[in-house]
Amino acid sequence: MSRPVEYAVAVERFVAAAPLGAGSRRVYRIALTTWAWPLVDKAPPVGEERRGAVPPAVPLALLDAPHTGRRLRDAFVRRADAVGARTANRELSILAAALNWWRGQGWLETDPIAGVNRLPASAARPPGPRLDAQQTRAVLGLPVPLREKALWHLLHESGATIDRVLALDIDDLDLAGRRTRGRAPLHWGDGAAALLPLLTLGRLDGPLFATGRGRLSYRRAAEVFTAATRPLDPRGRGWTLRGLAPAGRG
């Protein structure tokens, strides 16, 4: 089999040759396509931007370039911070399988992820840089959907962990008291107090932060935040949701 010039072609050949079901082929293709952006030192699209996004044209030979290992290491750290260790590890394993197959075909000479260490799936997400007051004001002022605006205000004003806020149900809220019910209640300020009644209008129960399929996941919330804050980030990569929480929280 002749050596392909483009990374995308190599991806398709690997996916076609791998003993995978239709669903797994789709997952592998998405994961490997996501790695195309870091290979050219760009952040992969997330949220709504991901739909229909055209990946960059990447020469397969770039995987043997001296700087590629560093780019992929940095990208893995950012990815783990954004979507969690479990998802990042899965995507790294898929890339490792593809790289191994490509080397077996004689298409590559090196392993650019040899120095990338997988994270324990149960490990806490690594702390990211906190947004300062000016950055936080800019984030909270972004023209985003009501769900995101309410989530971001509640996270910032309550000082609660992201997991705890995403686990809230509508009947957990005491909107008049600006707090949650039960032990160790969460309290919030003016921003969330104005937004939460709008978010829950016409709903009596179920997840506070919901999608069409159920409860909003950490991964989805993190991806949406990164996509929305990309124009504010001088690096153009977007910030992490954990950076919005007050110091010591996340």
> How many residues are touching a residue at least 24 places away in the same chain (Cβ under 8 Å) and either surrounded by 17 or more Cβ atoms within 10 Å (Cβ to Cβ) or more than 26 Å from Ala133 (Cα to Cα) (or both) if we restrict to the stretch 176-197?
Replying inline: 5
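Looking for whichever is modelled with pLDDT of 90 or more and in a helix (DSSP H, G or I) here; the options are Ala82, Ala16, Ala57, Ala88. Which one fits?
Numbers: Ala82 fails: modelled with pLDDT of 90 or more; Ala57 fails: in a helix (DSSP H, G or I); Ala88 fails: modelled with pLDDT of 90 or more.
Answer to the check: Ala16.
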> Of the conditions (1) over 20 Å from Phe14 (Cβ atoms); (2) touching a Leu at 6+ places or on another chain (Cβ under 6 Å), Val58 fails just one. Which one is it?
Replying inline: (1)
> Taking the stretch 170-207, which residues are touching a strand residue (DSSP E or B) at 6+ places or on another chain (Cβ under 6 Å) and closer than 16 Å to Ala221 by Cβ?
Replying inline: Pro207
>> Just to be sure I understand the filter: pairs with C-beta atoms under 7 Å, separated by 6 or more residues or on different chains, first member in the stretch 141-153 and surrounded by fewer than 17 Cβ atoms within 10 Å (Cβ to Cβ), second member part of a helix (DSSP H, G or I) and modelled with pLDDT under 95. Which pairs pass?
In response: Leu142/Ala228
> Considering only the stretch 102-122, how many residues are exposed (fewer than 12 other Cβ atoms within 10 Å of the Cβ), out of contact with any Gly (no Cβ under 9 Å at 6 or more places or on another chain) and modelled with pLDDT under 90?
Replying inline: 3
> Mind checking whether some residue in the stretch 155-165 is surrounded by 14 or more Cβ atoms within 10 Å (Cβ to Cβ), free of Cβ contacts under 8 Å to residues at least 60 places away in the same chain and more than 20 Å from Ser217 (Cβ to Cβ)?
Replying inline: yes
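Kindly indicate the residue of the stretch 44-54 that is under 17 Å from Arg230 (Cα atoms) and open to solvent by 30 Å² or more (accessible area, probe 1.4 Å) and also modelled with the lowest pLDDT among those meeting that condition.
Here is the first cut: in the stretch 44-54, the ones under 17 Å from Arg230 (Cα atoms) are 44-51, 53.
Narrowing further to those that are open to solvent by 30 Å² or more (accessible area, probe 1.4 Å): 48-51, 53.
Working: Glu48: 57, Glu49: 61, Arg50: 63, Arg51: 63, Ala53: 74.
Filtering first and then ranking leaves Glu48.
The values are calculated or read from the model by the stated rules, or taken from the named source; none is laboratory data. Here the structure is a predicted model, which is why all the values come from computation and not from measurement. FYI the Cβ positions are ideal-geometry reconstructions off the backbone, even for glycines, and counts take in every protein chain you see. With ligands, DNA and RNA removed, areas are computed over all heavy atoms of the protein, side chains included. Shrake-Rupley method; radii C 1.70, N 1.55, O 1.52, S 1.80 Å.
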